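Asker: Mind having a look at this structure? Questions to follow.
The numbers here are math on the coordinates, done by the rules we state, and not lab data. Just so it is clear, the structure is predicted and the values come from calculations on it, not from any experiment. Heads up, the Cβs are rebuilt from the backbone with ideal geometry, glycines too, and the neighbour counts pull from every protein chain shown.
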Amino acid sequence: MTAVTYSIRHRRSGIAMIYAFFAVLSMLFILPSSTAFAADSGAKAVNECNPTASNGCVNGILQDADKKPIADVTIKLSGKETAETKTTADGKWAFSVADDGDYTVTIDDSVAQEHGLKASSATVTIKKASFDKQRGVVRFDQASDSAASAASGSANGDKTTSSTAGSTAATPSPARKSSSNIGKRIWQQLYSGIIFGLMLGLMSVGMNLVYGTTGLQSFSHGEQVTLGGLMAYVGTQMMHMPLVVSAIFAIAIGALTGFIQNEIVWGPLRRRHVGTMQQMIVTIGLSMALQYTFQFFFGGDIKGIVKSVPDSFQLGPITTDMPTLLSALIAICVIVGVTLFLYKTRLGRATRAVSDNAALAAASGINVDQVVRVVWILSCAMAALSGVLLGVYLNGISWNTGATLILLMFAAVTLGGLGTANGALIGSLVIGIVADMSSLVIPNDMRYASALAILIIVLLVRPQGIFGKQQRVG
């Protein structure tokens, strides 16, 4: 009995050490990528601007009163730095700024009058001291009394400030304004954490299904997320398909890669009885190979899946937009669908049986290889869908987006319980909320460290996670 107890404790200790090692290894992947898109100092006109840790964005689409783009109009930026650009054929313009402060965007008065615009100037505030990544979106085609401040948090800490041309508002007292801003920011960060947690849950549930049926923790799962986002970019921007069709295309590609991976790599390795630790090392190599393949074909810049700027609106103290709400709704529906699949269908019950005890399931007549094949296809399809939703939510996808999220996926599945699909969802919500809320008290670039802290604490206190079961021996 003492020997068995020692074996259990030794095994748990070994599992904790393995996960702590790979958590640190994942952090090493994230740190170099955090400065990958550092921008030059000063303000300058760019074709497309994406906020990073060292630059904010002031951009928009110049449209007339009928929502038609206005091309070849001079846009001037003034503030701490000045710059000038012209709108493209679809009315787009963008500036990259490197300093905090108020920036005023102006167009010629005659252009505003000719096209029925409300005003010819607007001012946005870029506060990178509070949000390291910030985008100021300027609209000239809305009424002056409809100004709104749109703070849309994300996995990368983006803040979008939407300014209506010529808007004016009453100025509250400093104390009331400060208290109101703090309250709104808390609600906004909580909302952003829930949205990001749902998207992280969509990624993590698939990863946890793979672990439950095969015992493999895949480091290349993040690249399946990146693949989905990039395929959606190919569909919308290169093949000019509607977003919905592009999303279906991306999901199909993701499911196909899951099938190919299982047939070419993981199936043969399982048949050769290669250990899960060796397979895990293979996933690290596959992850690095896929990352640099993406970079080779798509470049190092951020690819926007959609180019339009969505209109924001208020839900109480929270500012959001319709794409964000639709992305969250889709994530909820898919997760609920997977849960019903696992508990209400014959194949789903077989999947749970394989996850609980593969040998006993095989002895009961369940085709384990077929179940694992379906799980790989489902997992990669869900990862691709999450990549599409994340790309729409963050307004872009890059070659290493999945690599920056893999640590959070591991933290989520470990917190919820390894091998439990619903546990991964709960863990993802906790991680998303903690990561976004922690930026209220710590620098934004360090907020993923809170997820790493949760991962380490859970491994030390409860290695099986919140909903996980203790490993049986014998």
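Asker: Give the calculated FRET efficiency between K76 and I332 to the nearest 0.05, with a Förster radius of 41 Å applied to their Cβ-Cβ distance.
Answerer: The computed FRET efficiency comes out at 0.40.
Asker: Please report the spacing between the Cα centers of region 244-287 and region 441-459 in Å, no decimals.
Answerer: 29
Asker: On to the next question. Work out how much length M277 to M239 would gain on full extension: take 0.36 nm times their residue separation and subtract the Cα-Cα distance, in nm to one decimal.
Answerer: The M277-M239 span can extend by a further 9.6 nm.
Asker: Once label points are set 7 Å from the Cα along Cα→Cβ at both M322 and Q370, what is their separation, rounded to one decimal in nm?
Answerer: With each label point 7 Å from Cα toward Cβ, the separation is 4.4 nm.
Asker: Rank by packing, highest mean first: peptides 298-305, 186-193, with packing defined as the count of other Cβ atoms within 10 Å averaged across residues.
Answerer: In decreasing order of mean packing, 298-305, 186-193 become 186-193, 298-305.
Asker: How many nm separate the modelled label positions at I260 and L347, each set 7 Å beyond the Cα in the direction of the Cβ?
Answerer: 2.1
Asker: Alpha carbon centre of region 363-379 versus region 178-219: separation in Å?
Answerer: Each part reduced to its Cα centre gives a spacing of 27 Å.
Asker: Ok, one more. Please give, to one decimal in nm, the separation of the simple spin-label points placed at A359 and K184, each 7 Å out from Cα toward the Cβ.
Answerer: 6.2
Asker: Between the alpha-carbon centers of region 337-355 and region 72-128, tell me the distance in whole angstrom.
Answerer: First find each Cα centre; the distance between them is then 54 Å.
Asker: Contour minus end-to-end for E48 and D99, with contour as 0.36 nm per residue of separation and end-to-end as the Cα-Cα distance?
Answerer: 16.5 nm
Asker: OK, next. Pop the C-beta distance of K86 and L340 into the FRET formula with R0 = 51 Å and round what comes out to the nearest 0.05.
Answerer: Taking R0 as 51 Å, the efficiency between K86 and L340 is 0.45.
Asker: What order, most packed first, do the peptides 338-346, 394-402, 95-103, 452-460 have when packing is the mean number of other Cβ atoms within 10 Å of each residue?
Answerer: 394-402, 95-103, 452-460, 338-346
Asker: Which peptide among 227-237, 308-318, 269-279, 287-297 comes first, and what is the full order, when sorted by highest mean count of other Cβ atoms within 10 Å? It would help to have the intermediate numbers written out before the result.
Answerer: Details: 227-237: 25.1, 308-318: 14.1, 269-279: 12.2, 287-297: 15.8.
Top to bottom by mean Cβ count within 10 Å: 227-237, 287-297, 308-318, 269-279.
Asker: Anything over 27 Å Cα to Cα? Flag those among K44/K184; K92/K184; K76/K307; K76/K184; K86/K303; K67/K184, in the order listed.
Answerer: Table pairs above 27 Å Cα-Cα are K44/K184; K92/K184; K76/K184; K67/K184.
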